[in-house]
Amino acid sequence: MQEDIPPPAQALILAAGRGERMRPLTDTCPKPLLSVRGQALMQYPLDALAQAGFTPVMTNTAWLGEQIEAAFGERLIYSHEGRDFGGALETAGGIARALPQLDEVFWVVAGDVFAPDFVFESEALLRFRASDALAHLWLVPNPAHNPKGDFGLAADGHAVNGDGPDGTRLTYSTIGLYRRALFQAPWCDIPPSNPQGVKLALAPILRRAMDAGHVTASVYTGTWADVGTPERLQALNTGLDHLENRKHPFRFSRS
């Protein structure tokens, strides 16, 4: 009898980082499990993906990864970087490791960002699938502490490795659609499944693809916060995030 082959994951929630800036809170709890307004940070994108029909969902773990598996059980597919390699593989390294279990086109979202209003739209995925882009990113307006932003946005919807036509850049929200081909040659030199556990950041790969015109982007203006410090977490939980914690810069190596 032929063995059933599980369907590929439709999304990857990044959850392997140590959360150094969140210490001492993350000494005993992985950052994606920290509670924001009554539930774990990671629960927000997981529920939104399920509501939109994007299942199964995969996650990568390292620091205190056993707690994430205990919390979500069989609801997720796991890539245990900590168990397999002794630590996190950074964003691109982690995606490359998970790639054999991901669909041809898949969502990526950081497990430590708060974006309760973001909708994972099927129409967005279908448009991306029909395009020749290797990635589509959602960008947010820059916060005060990241005034220079990350990427520009051209009038035709292409992300720019530098300033946009208006001389400005926006901040990457850590939410995006990706094609498997971006994590293969010539854009990424890591062998399939990253068997050696190579650590690699995502930014250089994205910038290379942008220079070749293969990355598009949209602007997201809903509630969004990179919960990177205890102060940001407290602000979200006390309703003060409207002061300075709505939007925060993307770190290409989650920490």
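Do we find that ASP226 is out of contact with any strand residue (DSSP E or B) (no Cβ under 6 Å at 6 or more places or on another chain) and either at pLDDT 90 or above or within 19 Å of ASN60 (Cα to Cα) (or both) in this structure? Quick ask: steps written out before the conclusion?
Numbers: out of contact with any strand residue (DSSP E or B) (no Cβ under 6 Å at 6 or more places or on another chain): no; either at pLDDT 90 or above or within 19 Å of ASN60 (Cα to Cα) (or both): yes.
Considered against the rule, which asks whether it is out of contact with any strand residue (DSSP E or B) (no Cβ under 6 Å at 6 or more places or on another chain) and either at pLDDT 90 or above or within 19 Å of ASN60 (Cα to Cα) (or both), ASP226 comes out as no.
So that you can scan it fast, the table gives a plain yes or no per residue for (1) farther than 22 Å from SER173 by Cα; (2) of a type in the set (Gly, Ala, Ser):
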position	(1), (2)
ILE5	yes, no
GLY19	no, yes
SER35	no, yes
LEU41	no, no
ASP47	no, no
GLY53	no, yes
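Taking segment 17-52 as the range and being out of contact with any Lys or Arg (no Cβ under 9 Å at 6 or more places or on another chain), among the small types (Gly, Ala, Ser), assigned to a loop (DSSP other than H, G, I, E, B) and open to solvent by less than 50 Å² (accessible area, probe 1.4 Å) as the test, only ALA52 passes.
For segment 205-227, a tally of residues being under 25 Å from PHE85 (Cβ atoms) and surrounded by fewer than 22 Cβ atoms within 10 Å (Cβ to Cβ) returns 1.
Scanning segment 85-102 for residues that are more than 18 Å from THR174 (Cβ to Cβ) and small (Gly, Ala, Ser) yields a count of 2. Residues in segment 188-221 that are out of contact with any Pro (no Cβ under 8 Å at 6 or more places or on another chain) and part of a loop (DSSP other than H, G, I, E, B): 17 in all.
Among LEU202, LEU236, LEU170, LEU153, which is the only one that is modelled with pLDDT of 90 or more and open to solvent by less than 10 Å² (accessible area, probe 1.4 Å)?
Values: LEU236 fails: modelled with pLDDT of 90 or more; LEU170 fails: open to solvent by less than 10 Å² (accessible area, probe 1.4 Å); LEU153 fails: open to solvent by less than 10 Å² (accessible area, probe 1.4 Å).
After ruling out the rest, the residue left standing is LEU202.
The values are calculated or read from the model by the stated rules, or taken from the named source; none is laboratory data. What you see is a predicted model, and the numbers here were worked out from it, not measured in a lab. We place every Cβ from the backbone using ideal geometry, glycine too, and count neighbours over all the protein chains shown. Note: accessible area is taken over every heavy atom of the protein model, side chains too, but ligands, DNA and RNA are not part of it. Shrake-Rupley method; radii C 1.70, N 1.55, O 1.52, S 1.80 Å.
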